[in-house]
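The values are calculated or read from the model by the stated rules, or taken from the named source; none is laboratory data. What you are looking at is a predicted structure, and each value in this text was computed from that prediction instead of being measured. As a convention, Cβ positions derive from the backbone with ideal geometry for all residues, glycine included, and neighbour counts pool all protein chains shown.
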Amino acid sequence: MLLVYPEFFPTYWGMQYYLPLVKQKALMPPLGLITIAAMTPGDYEFRLIDLNCEPLKDSDLEWADMVLFSAMLPQRKTLFEAAKRCRAAGKPVIMGGPFPTACPDECKPYCDVLVLNEGEVTWPLFLKDLEAGHFESLYTSPEKPDVSKTPCPRFDLLNMSYYAIIPIQFSRGCPFQCEFCDIIVMYGRKPRTKTPDQLLRELDAVLATGYRGVVFIVDDNFIGNKKEVQKLIPELKRWTEVHNHPFYFGTEASVNLADDVDLMDQMAAADFMWVFLGIETPSAEGLKETHKFQNVTSFSLADRVKAIQNSGLLVYGGFIIGFDSDVEDIFDRQIAFITQAGIPNAMIGPLVALPGTPLHKRIKEEGRLLEADGDEDRTVASGYTNIQTKIPMRKLLEGHRRIIQTIYNPRAYFERALIAFGRLPRAATLRGRLKHFLWMSSVMFRGTSVRRDPAQSKPSLWAKLNSFRELMQQLPGEYRKESKRFAWQILRKCPEHFPRALGYMLMGYHYYRFTIENMLPELDGALAKLPTDTTQKTAA
Ligand code: SF4
């Protein structure tokens, strides 16, 4: 079986301008495909082609008996192109994953078999039929499987040197009910978790590949089932100590993480370094409208972000514009919030009604769902909305443009990073700070010059410094100037965080280039298509 992962268009998330600097090819490998491989008996052979890293060769197709794709919505176009090629070569095509599950009718013309929903339930049904010498065109089930029985993903199928981050999953589902969220539609509102031991065995498997660096716990909401997380964290801490801290962790969580100081402290002590929060908007009306009640409390959102940073976790934030209650001041309010909260990594985009969500149903019933214009694949993660928003489309696009132009200006980005770094706790002693510096250096600099191959010899300190100097020379003038200013201030104020600050210098370069080379021209193009006096009708 040939496992194929379609290409992503550049997005803020994708880090496409960052990756060449650190000599890597993609942000993350396809966890779903390597999990499916692990669920398949040993007499099947697998080959994985991640089209974000390497091309699909004719020899791969000749080798395969069938081809299995997994894809998310932003991969729709590249999924269909690759699937067409595989079918033209006479290979049966199977599709699964979040996008085929949400939009099976769109995928149907491009494949022979759809294996939908959660693979633990539907993949064995397909395999059973395959063993019997036939298969149906659709395998689906609403059953939510017990993930404590999910086997360890086949990390051995990956070329680890391609990737900046390695994903693992502890839980699926989220107890909340945000109107726009497709996670709870697919995985339910009762979070299901793996056991601590199961997760540690997965970390063992990642470690065995020779990889060291960032491990992203890609849960929909890591703290969705706090009771189970509280069992995991002490075990995880023990594991990291026994293995001499080979990884540091990031995850996604709801903002109410800030209300549990003990949990945040335990996460920081277990080598968690950052967390992605769905903040969405500083507008309480917008949060209530979208049923994101967990973000509305008397304790302000900015204070909650600060509490998380004070515990040692840097914050990435997701933001949305275009709620029905948004008026023209929302753009300034978003800029002010992102700045005040000190969130360098702010992902902002218009509200999108994803298929299957309550929002999609409501917008459709209200007659405000816009027809796809064929260009939405490219823009789905950046400037696109399929909603006839209440705020006029021109205002929405102009406001979006202003926000990203402001927040990804290099000076503004580094000022937020300085605020965030200034809020991180510091070790009380010089020895503690030096220890932190050395540990972070050992995990962070690896990506710039070292292949994660245990067979390769370690580069000298001189080689590392040299590759850092070369890296800096690749940054454009305006950006380099602000990077140096930022680096100098970090060295003066909290030098033990310098290795992490270097990571921010490189990430900021991606945000900067993606903004000026992709997003702004894209938004300008969309604005140019709008009649000047229009209020609605055309999506970006
Ligand atoms: S908190 Fe996040 S995962 Fe949970 S329902 Fe809201 S958007 Fe979805």
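Kindly indicate which of 174, 152, 178 is in a loop (DSSP other than H, G, I, E, B), touching a Cys at 6+ places or on another chain (Cβ under 9 Å) and buried (at least 18 other Cβ atoms within 10 Å of the Cβ). I'd like the intermediate steps shown before the answer.
Details: 152 fails: touching a Cys at 6+ places or on another chain (Cβ under 9 Å); 178 fails: touching a Cys at 6+ places or on another chain (Cβ under 9 Å).
From the options 174, 152, 178, the qualifying one is 174.
Suppose the filter is part of a helix (DSSP H, G or I), modelled with pLDDT of 90 or more and in the same structural domain as residue 315 (by TED's automatic domain parsing); does residue 469 pass it?
Considered against the rule, which asks whether it is part of a helix (DSSP H, G or I), modelled with pLDDT of 90 or more and in the same structural domain as residue 315 (by TED's automatic domain parsing), residue 469 comes out as no.
If you check every pair at least six apart or on different chains, which have Cβ atoms under 8 Å apart with a residue in the range 517-528 that is in contact (Cβ under 8 Å) with a residue 12 or more places away in the chain first and a residue that is in a helix (DSSP H, G or I) and among the polar types (S, T, N, Q) second?
So the pair list comes out as 520/405; 522/379; 526/379.
Output the residue which, of all residues in the range 273-294 that are in a strand (DSSP E or B) and within 16 Å of the ligand (Cβ to nearest atom), is farthest from residue 206 (Cα to Cα).
280
Name every residue in the range 181-202 that is part of a loop (DSSP other than H, G, I, E, B) and more than 12 Å from residue 144 (Cβ to Cβ), in order of residue number.
Hits for the range 181-202 are 181, 182, 194, 195.
Quick one: residue 125 ticks every box in (1) part of a helix (DSSP H, G or I); (2) buried (at least 17 other Cβ atoms within 10 Å of the Cβ); (3) of a type in the set (A, V, I, L, M) bar one, so which box is it?
Evaluating residue 125 over (1) part of a helix (DSSP H, G or I); (2) buried (at least 17 other Cβ atoms within 10 Å of the Cβ); (3) of a type in the set (A, V, I, L, M) leaves (2) as the failure.
Among the numbered criteria (1) buried (at least 20 other Cβ atoms within 10 Å of the Cβ); (2) within 16 Å of the ligand (Cβ to nearest atom); (3) under 23 Å from residue 197 (Cα atoms), which one does residue 270 miss?
That leaves (2) as the condition not met.
Name the residues in the range 203-258 that are in a strand (DSSP E or B) and among the acidic types (Asp, Glu), would you?
Scanning the range 203-258 gives a single hit, 252.
Can you find a residue that is within 16 Å of the ligand (Cβ to nearest atom), in contact with an Asp or Glu (Cβ under 6 Å, 6 or more places away or on another chain) and touching a residue at least 40 places away in the same chain (Cβ under 8 Å) anywhere in the range 196-215?
No, there is no match, as no residue in the range 196-215 is within 16 Å of the ligand (Cβ to nearest atom), in contact with an Asp or Glu (Cβ under 6 Å, 6 or more places away or on another chain) and touching a residue at least 40 places away in the same chain (Cβ under 8 Å).
Which one of these does residue 40 not meet: (1) in a loop (DSSP other than H, G, I, E, B); (2) of a type outside the set (Phe, Trp, Tyr); (3) in contact with a strand residue (DSSP E or B) (Cβ under 6 Å, 6 or more places away or on another chain)?
(3)
Any idea which of 400, 360 is more than 30 Å from residue 161 (Cβ to Cβ), in contact with a helix residue (DSSP H, G or I) (Cβ under 8 Å, 6 or more places away or on another chain) and either at pLDDT below 95 or crowded, with 16+ Cβ neighbours inside 10 Å (or both)? Explain how you work it out, then say what you get.
Details: 360 fails: in contact with a helix residue (DSSP H, G or I) (Cβ under 8 Å, 6 or more places away or on another chain).
After ruling out the rest, the residue left standing is 400.
Every residue in the range 136-192 that is of a type in the set (Ser, Thr, Tyr) and away from the ligand (no atom under 16 Å from the Cβ), please.
Answer for the range 136-192, where residues must be of a type in the set (Ser, Thr, Tyr) and away from the ligand (no atom under 16 Å from the Cβ): 137, 139, 140, 141, 148, 150, 161, 162, 163.
Within the range 111-126, identify whether any single residue is polar (S, T, N, Q) and touching a residue at least 24 places away in the same chain (Cβ under 8 Å), and answer yes or no. Before the answer, list the steps.
First, the residues of the range 111-126 that are polar (S, T, N, Q): 117, 122.
Okay, now just the ones that are also touching a residue at least 24 places away in the same chain (Cβ under 8 Å), so 117, 122.
Yes, there is a match, as at least one residue in the range 111-126 is polar (S, T, N, Q) and touching a residue at least 24 places away in the same chain (Cβ under 8 Å).
Looking at (1) surrounded by fewer than 19 Cβ atoms within 10 Å (Cβ to Cβ); (2) at pLDDT 95 or above, which one does residue 70 not meet, given that it meets all the others?
(1)
Just to be sure, is residue 237 touching a helix residue (DSSP H, G or I) at 6+ places or on another chain (Cβ under 7 Å), away from the ligand (no atom under 16 Å from the Cβ) and outside the structural domain of residue 13 (by TED's automatic domain parsing)?
For residue 237, the condition - touching a helix residue (DSSP H, G or I) at 6+ places or on another chain (Cβ under 7 Å), away from the ligand (no atom under 16 Å from the Cβ) and outside the structural domain of residue 13 (by TED's automatic domain parsing) - is met.
On the given criteria, is residue 255 within 16 Å of the ligand (Cβ to nearest atom), surrounded by fewer than 20 Cβ atoms within 10 Å (Cβ to Cβ) and of a type outside the set (Gly, Ala, Ser)?
no
Could you please let me know if residue 231 is of a type in the set (D, E, K, R), out of contact with any strand residue (DSSP E or B) (no Cβ under 6 Å at 6 or more places or on another chain) and within 16 Å of the ligand (Cβ to nearest atom)?
no
Go through the residues of the range 518-531 one by one and say whether even a single one is assigned to a loop (DSSP other than H, G, I, E, B) and at pLDDT 90 or above.
No, every residue in the range 518-531 fails to be assigned to a loop (DSSP other than H, G, I, E, B) and at pLDDT 90 or above.
Test each condition in (1) farther than 25 Å from residue 110 by Cα; (2) not in a loop (DSSP other than H, G, I, E, B) for residue 34 and report the one that comes out false.
(1)
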